[in-house]
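These notes concern the structure reproduced below.
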Amino acid sequence: MTEPLYRAEALTRRYRNGRTEVLALDAVDLSLDAGQRLGIVGESGSGKSTLVRLLAGLDRPTSGRVWFEGTEITGLPERRLGFLRAAVQMVFQDPRSSLNPRMNVGDIITEPLRSRLVRRQLPGGIDHARRLAEVLEAVDLPADSGTRYPHEFSGGQRQRIAIARALAPKPEVLIADEPVSALDVSVRAQVLNLLTDLVAAQGLTLIVVSHDLMVVRHLCDRLAVMRQGRIVEQGDTASVYGDPQTDYTKALLAAVPKIRIEG
Ligand SMILES: Nc1ncnc2c1ncn2[C@@H]1O[C@H](COP(=O)(O)OP(=O)(O)OP(=O)(O)O)[C@@H](O)[C@H]1O
Ligand SMILES: [Mg+2]
């Protein structure tokens, strides 16, 4: 049996909010193979972002373990996480807050390549100017975008910049947390189609968190449904859609997309 790309065992994350404690993630087990496209859905506060942050190594579990390509990442010090930092890249919900407004687009996109930890993982290095040109083309942005600043771009274009930055170090895994929910409805489909094409063309493993079930249906071949810090149902997308096993999943699937006011 070959090792899955990701394996998580009994992942638990508690947060302390003042005097109360929140169990954000409650003993989640997960296994993901290279090339799979996993969608994570569930009501607000169910632990979706907490789970993907742990997988990306951006946060540490209270207990439980995560392996990436057979190496346990839980408990590794930052200086030994270079392989993960190079291989796993994230795209966040709102490109207005995830892109530094004072950096030009070229510097933003090549920033991951300048990280010492990441650089050590790229044998022979990557020519920054060349890589910038390649990823700008991959996300369909004008070739001269590098000298411009985020505010000169529309919301959809800014999310393309965030995607280009994620692609720059040639990752194996792309994790997108609500990648289109901050965007104008009119550009969502374009950005989703772009993600679909990129994942296929570059053979990426994809993990997508979304409130919008159409988004995961479009992008993902596997689905995990979360509630109160647990995965309550998972399987391939078609079977979960076609034959949901829990009332909770049925309700999620039946829910008319609601407009959310992001705080
Ligand atoms: N940094 C934090 N400090 C304290 N509590 C947190 C923190 N991050 C998350 N939580 C709490 O953990 C629980 C799970 O949060 P999480 O952000 O993972 O949910 P989510 O499924 O991503 O929700 P949403 O769909 O609204 O983004 C929530 O109760 C949340 O309030
Ligand atoms: Mg979230």
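General remarks:
- Count - residues of segment 35-50 that are more than 7 Å from ligand 1 (Cβ to nearest atom) and either farther than 28 Å from residue 254 by Cβ or not in a loop (DSSP other than H, G, I, E, B) (or both): 6
- Matching entry among 30, 25 (being in contact with a strand residue (DSSP E or B) (Cβ under 9 Å, 6 or more places away or on another chain), on the phi < 0 side of the Ramachandran plot and away from ligand 2 (no atom under 16 Å from the Cβ)): 30
- Within the option set 110, 62, 12, being surrounded by 16 or more Cβ atoms within 10 Å (Cβ to Cβ), within 16 Å of ligand 1 (Cβ to nearest atom) and touching a residue at least 40 places away in the same chain (Cβ under 8 Å) holds for one residue only, 12.
- Qualifying residues in segment 164-173 (those that are within 25 Å of residue 144 (Cα to Cα) and crowded, with 20+ Cβ neighbours inside 10 Å) - the one nearest to ligand 1 (Cβ to nearest atom): 166
- All positions within segment 201-233 that are assigned to a loop (DSSP other than H, G, I, E, B), within 12 Å of ligand 1 (Cβ to nearest atom) and more than 14 Å from residue 175 (Cα to Cα): 211, 212, 228, 229
- Hits in segment 13-34 - residues which are under 26 Å from residue 172 (Cα atoms) and outside any strand (DSSP E or B): 33, 34
- The condition of being among the β-branched types (Val, Ile, Thr), crowded, with 23+ Cβ neighbours inside 10 Å and away from ligand 2 (no atom under 16 Å from the Cβ) holds for only one of 240, 199, 180, that being 240.
Every number in this text was worked out from the coordinates using simple rules, so none of it is lab data. This one's a predicted model, so the numbers in the text were calculated from it and none came from an experiment. No Cβ is skipped: glycine too gets one built from the backbone with ideal geometry, and neighbour counts run over all protein chains shown.
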